[in-house]
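I have placed the structure first, in the form of structure tokens, so that the comments after it can refer back to it.
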Amino acid sequence: MSVEIEEKTDAALNARRPEPRAEPLVFERSGEGKVGYSLPPLDVPPAVAIPEGLRRGEIAGETEITEVEIARHFTRLSRLNFSIDQGLYPLGSCTMKHNPRTNEEMARLPGFAAAHPLAPESVSQGALELAWKLERILAELTGLARVTLQPSAGAQGELAGILMVRKALEKSGRARTTVLIPDSAHGTNPASAHFAGYKVRELKSNARGTIDLATLEAAMTEDVAALMLTVPNTLGVFEDRILDIARIVHEKGGYLYCDGANFNAFVGVAKPGLMGVDVMHMNLHKTFSTPHGGGGPGSGPVAVAERLAPFLPRPTVERREDGTYYLDADRPDSIGRLRTFLGNFGMFVRALAYIAAYGNRIGEVARGAVLNANYIRAGLSDLYHLKYDAPSMHEVVFSDKKQTEHGVSNMDIAKRLMDYGFHPPTVSFPLIVHGALMIEPTETEGKVGLDAFIHAMREIARECAEAPDMVRAAPHSTPVKRVDEVGAAKKLTLRWRP
Amino acid sequence: MKFLPNSDAERRDMLAAIGASSIEDLFATVPSAVRQAPDLPDPLSEIEIRRFLGGLASKNANARDTAFFLGGGVYNHYVSAIADQMLYRAEWLTAYTPYQPEVSQGTLQSIFEFQTHVCLLTGLEVANASLYEGASALVEALLMAERLSKGRKRAVLSAGIHPEYRETVRSYFANLGLEIVEVPLGADGATDPRALGAAVDATTFAVAVQSPNFYGVIEDWAVGSAAAKTAGAASVAVVAEAASLAMLKPPGEGGADIACGELQSLGVPMHLGGPLLGFLACRIEHQRQIPGRLVGETLDAEGRRAFCLTLSTREQHIRREKATSNICTNQGLMALASNIHMSLLGKKGMREVAQQSHAKAEYLKGRIAATPGYRLPFSGPTFNEFLVEAPPGVDAAALLDRLAARKILAGIPLSRFFDSRALPADSADRRRFLVAATEMNTRGEMDHLVAALSEVRA
């Protein structure tokens, strides 16, 4: 049960302390006769009233392990992860900000965590009131009329939004055929439009990386149901012609969909409703700080203008005149439901706690995020190429163009950053920047951390020129060395076998 | 503001480095016409936030302060303390999707272990890293079956599938040109095999059956699988009460091609219905069509075992509108909790939890059936949940409301799932409700429930 500790071989290569590694699988730690649970004695007669043909035998291969070993196993595994609490996690478009801990405790109150979604409304008033209040606050922040909290994550929010557009158009005569999506968009946008039954037409961005009004005008026909626009876009650039964009879309009877993944850039400062946005999803795990949890759970509320309100997923949460709350499933024009129950309620609790902490000062979130991104931009733009140099909001997207001259790619730079104690930026998109380094520091990083990051990036730029082989072999100080992802896809091993 | 680390002096220095005179300068591209500060209250302190949310929480009846018998897709099973406490560790809580495997081996290995647990429980060979929850997991399973069929258009769903799952399928299918046929239940409460056979035709891409079904009745997977097989369709097994997987024949043994549903019962609190934990597993020959994140085993540059996300060419960030699904996230933290909890319970514990839940439900079922005026409409075998019909003249929703006021959450009225105006005043469906038991229930509280039901009758 030893944990290998990697020796510090070369101080220059090791910016971080040694890490434990090579933790066996929980199944490999299992031993016959070990027990990790205890149950009270059965206080009713034992009964097996199930025909034998419908029953199973022992679950071959399942674990037998004690709580002690489980504690160690998962603690050791955790130490192989990088997390926000260890340092800057500038994964662009993911808004990796600090997660307030009070929110975690609040979501675990028995009145939330041990309550059931199908308990009578008479004894669920606190839950309904919370959902109603969060809805009202998100409506205020977006400047839109109504909000559904149901979607489980951003992608489901996108689908909900486009389905509402579709239903509204159908109701007025014709669903139309096509959704316009800029070439800078996140991949979920076209995928969601597809699952709403639309064809996707890609809009080519202009030299600023933003929407070209003439291109939009030409593409915006009466076959187009909606334009899906990320604001600010995935380059971190605000569409300064947003009002013209909305006008062009609306003049042809289309809807303006705002992907709110980047709401952190302007929350509390500007309102999508004033921009002409008709429908917008938000990611509670981004802007409103619910934890990312290693890949979820997310939560993707959708705000809509009044004219889309009849089509909201059902049920909606409503308030009676006497101040009591209820669920309204009697909504004949609804797109239906997209999942069970009310949505990821635990995330609602955390998001409401987060917003309450800022209250009317929530614009400081956006101001802090934009300041930090611009500080990084100022600190690095002499060494890293900026394909699009329009002003940055909450994130800045460099490319590896200068470093490829030395045979070093954005992926190599990303891996090398790990040696300096940082999580890499996003490198997989936007697709319009080859070799992208999409950096989103968020507002919860201080100048000290930003300076350290800028220093690391500057050092790496130097290393790319002076020691490109070393950078290409990075990371050098992580629990495992570079992982063979191509090999994983070729010879698939997706589970342990007894 | 305690979440903003920069001091005023630092902000000034940063602006100077940027060459801007104020933060407002950085918002120059945002037209003034769209700017507006929100009308929200003043910021609350941590103490005030706790008071505010604590007040809301205290208005919700919950499993800690009531005799609790609710199920309907979310169950009150015990969650081991460590399965929740481990989630507080920042390395789990504040990391994201493990795109960069060298600094995410913890999350990746845990998902690999989770995938293995799901395979062992379902008797299938491949499982993904989790999905949002049961209903959207069923949608993803059906869409996967549709892709496998290459052009077929009909999904056959048992009416025993959770009504919210079926409604979700309808919402997703509405614009995809896919047809849904629902097969009614027989008198025993299980899917009518003859009706099922009749509904399946050469255009059918999937036959989906839930067990235990929404009414608690255990279905024989082989019935759905046989119907699917005759038409060359995929057999889809739906599980909403995952504790049953430790006692009932697993979908893989019953001929299912895909299993999907909800794992909340194995390590995730009820959370008022979310976050939950969807899952999807399939036979190995279909693994390249599975939606959602997948973790695979591989090697690092020094030949050591390592894990990474794999087959991402199926996913939206590469394939865009041609992706197998639009989903991006999984339920990372819930999958971790479930991995921990399943590992602790293991081979014997999962079985014992299932056996206790079943035995308690059988006890309660027997006692309610013996209570004058109450009857059990379905005769089929059940696992830990069953349907009860209240005496004529007793509206189930009103009855359950009255019991809730006495701190007994006795069940879920069927009327919650139907358009209540469509139900005649004293129809049987208005009198029916679902009752569930788990290892958390004591004999004392079950006797208390039975006594209360007899009183209400009187």
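The values are calculated or read from the model by the stated rules, or taken from the named source; none is laboratory data. Small disclaimer: the values here were computed from a predicted structure and weren't measured. With ideal geometry, Cβ positions are generated from the backbone for all residues, glycine too; neighbour counts draw on all protein chains shown.
Figures for the structure shown
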| item | result |
| --- | --- |
| Residue in the range A:340-358 that is more than 20 Å from the chain's Cα centre (by Cα) and charged (D, E, K, R) present | no |
| Options B:Ser338, B:Ser343, B:Ser357: the member that is polar (S, T, N, Q), more than 14 Å from B:Gly267 (Cα to Cα) and within 25 Å of the chain's Cα centre (by Cα) | B:Ser357 |
| Any hit, the range A:334-350, residues being closer than 28 Å to A:Leu80 by Cα, more than 8 Å from every other protein chain (Cβ to nearest Cβ) and in contact with a His (Cβ under 6 Å, 6 or more places away or on another chain) | no |
| Residue match in the range B:121-129 (condition: in a loop (DSSP other than H, G, I, E, B), more than 16 Å from the chain's Cα centre (by Cα), surrounded by 24 or more Cβ atoms within 10 Å (Cβ to Cβ) and at pLDDT 95 or above) | yes |
| Scope the range B:80-100; condition touching a Leu at 6+ places or on another chain (Cβ under 9 Å) and either within 18 Å of B:Ser130 (Cβ to Cβ) or more than 7 Å from every other protein chain (Cβ to nearest Cβ) (or both); matching residues | B:Ala83, B:Met86, B:Leu87, B:Trp92, B:Leu93, B:Tyr96, B:Thr97, B:Pro98, B:Tyr99 |
| Meets criteria (outside any helix (DSSP H, G or I), in contact with a helix residue (DSSP H, G or I) (Cβ under 8 Å, 6 or more places away or on another chain), crowded, with 24+ Cβ neighbours inside 10 Å and modelled with pLDDT of 95 or more) for B:Ala243 | no |
| Residue match in the range A:167-183 (condition: crowded, with 18+ Cβ neighbours inside 10 Å and modelled with pLDDT under 95) | no |
| Among the candidates B:Leu280, B:Leu266, residue that is part of a loop (DSSP other than H, G, I, E, B), under 16 Å from the mean Cα position of the chain (by Cα), more than 7 Å from chain A (Cβ to nearest Cβ) and not aromatic (Phe, Trp, Tyr) | B:Leu266 |
| Test for B:Ile18: is it farther than 30 Å from A:Val237 by Cβ and buried (at least 18 other Cβ atoms within 10 Å of the Cβ) | no |
| Among the candidates A:Leu256, A:Leu227, residue that is in contact with an Asp or Glu (Cβ under 6 Å, 6 or more places away or on another chain) and in a strand (DSSP E or B) | A:Leu256 |
| Candidates B:Tyr78, B:Tyr96 - the one that is over 25 Å from B:Thr324 (Cα atoms) and among the hydroxyl-bearing types (Ser, Thr, Tyr) | B:Tyr78 |
| Residue match in the range A:443-450 (condition: under 17 Å from B:Asp300 (Cβ atoms) and hydroxyl-bearing (Ser, Thr, Tyr)) | no |
| Tally of residues being touching a residue at least 40 places away in the same chain (Cβ under 8 Å), at the interface with another protein chain (Cβ under 8 Å from one of its Cβ atoms) and farther than 22 Å from A:Gly260 by Cβ across the range A:162-211 | 1 |
| Extreme residue, modelled with the lowest pLDDT, among residues of the range B:416-430 that are within 11 Å of chain A (Cβ to nearest Cβ) and within 26 Å of the chain's Cα centre (by Cα) | B:Ser420 |
| Answer from A:Asn360, A:Asn374 - the residue that is under 22 Å from A:Met393 (Cα atoms), polar (S, T, N, Q), touching a helix residue (DSSP H, G or I) at 6+ places or on another chain (Cβ under 6 Å) and facing another protein chain (nearest Cβ under 7 Å) | A:Asn374 |
| Output for the range A:53-109, where each listed residue is outside any helix (DSSP H, G or I), within 30 Å of B:Glu352 (Cα to Cα) and touching an Asp or Glu at 6+ places or on another chain (Cβ under 8 Å) | A:Arg56, A:Glu64, A:Arg108 |
| Subset of the range A:344-380 (residues that are in contact with a Pro (Cβ under 6 Å, 6 or more places away or on another chain) and among the basic types (Lys, Arg)) | A:Arg361 |
| Out of B:Pro5, B:Pro43, B:Pro38, sole residue that is within 19 Å of A:Glu445 (Cα to Cα) and surrounded by 17 or more Cβ atoms within 10 Å (Cβ to Cβ) | B:Pro5 |
| Residue match in the range A:316-328 (condition: within 7 Å of chain B (Cβ to nearest Cβ) and in contact with a strand residue (DSSP E or B) (Cβ under 8 Å, 6 or more places away or on another chain)) | no |
| Qualifying position, being crowded, with 24+ Cβ neighbours inside 10 Å and assigned by TED's automatic domain parsing to the domain that holds B:Ala437, among B:Val353, B:Val295 | B:Val353 |
| Any hit, the range A:87-103, residues being surrounded by fewer than 24 Cβ atoms within 10 Å (Cβ to Cβ) and either within 16 Å of B:Gln105 (Cβ to Cβ) or more than 24 Å from the chain's Cα centre (by Cα) (or both) | no |
| Selection count where residues are of a type in the set (Lys, Arg) and at the interface with another protein chain (Cβ under 7 Å from one of its Cβ atoms), scope the range B:1-60 | 4 |
| Failed item, numbered, when B:Ala135 is tested on (1) touching a Pro at 6+ places or on another chain (Cβ under 8 Å); (2) facing chain A (nearest Cβ under 7 Å) | (1) |
| Residues of the range A:385-399 that turn out to be surrounded by fewer than 24 Cβ atoms within 10 Å (Cβ to Cβ), in contact (Cβ under 8 Å) with a residue 24 or more places away in the chain and more than 13 Å from chain B (Cβ to nearest Cβ), as a count | 2 |
| Pick from the range B:61-76, criterion in contact with a His (Cβ under 8 Å, 6 or more places away or on another chain) and more than 7 Å from every other protein chain (Cβ to nearest Cβ), ranking: surrounded by the fewest Cβ atoms within 10 Å (Cβ to Cβ) | B:Ala67 |
| Yes/no for A:Leu118 being at the interface with chain B (Cβ under 7 Å from one of its Cβ atoms), over 17 Å from A:Ala196 (Cβ atoms) and part of a loop (DSSP other than H, G, I, E, B) | yes |
| Test: residue in the range A:449-456 that is within 21 Å of the chain's Cα centre (by Cα) and of a type outside the set (A, V, I, L, M) | no |
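Table: residues versus (1) charged (D, E, K, R); (2) more than 30 Å from A:Trp496 (Cβ to Cβ); (3) facing chain B (nearest Cβ under 7 Å).
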residue	(1), (2), (3)
A:Ile59	no, no, yes
A:Glu67	yes, no, yes
A:Ser78	no, no, yes
A:Arg101	yes, yes, no
A:Ser124	no, yes, yes
A:Ala131	no, yes, no
A:Leu134	no, yes, no
A:Leu144	no, yes, no
A:Leu159	no, yes, yes
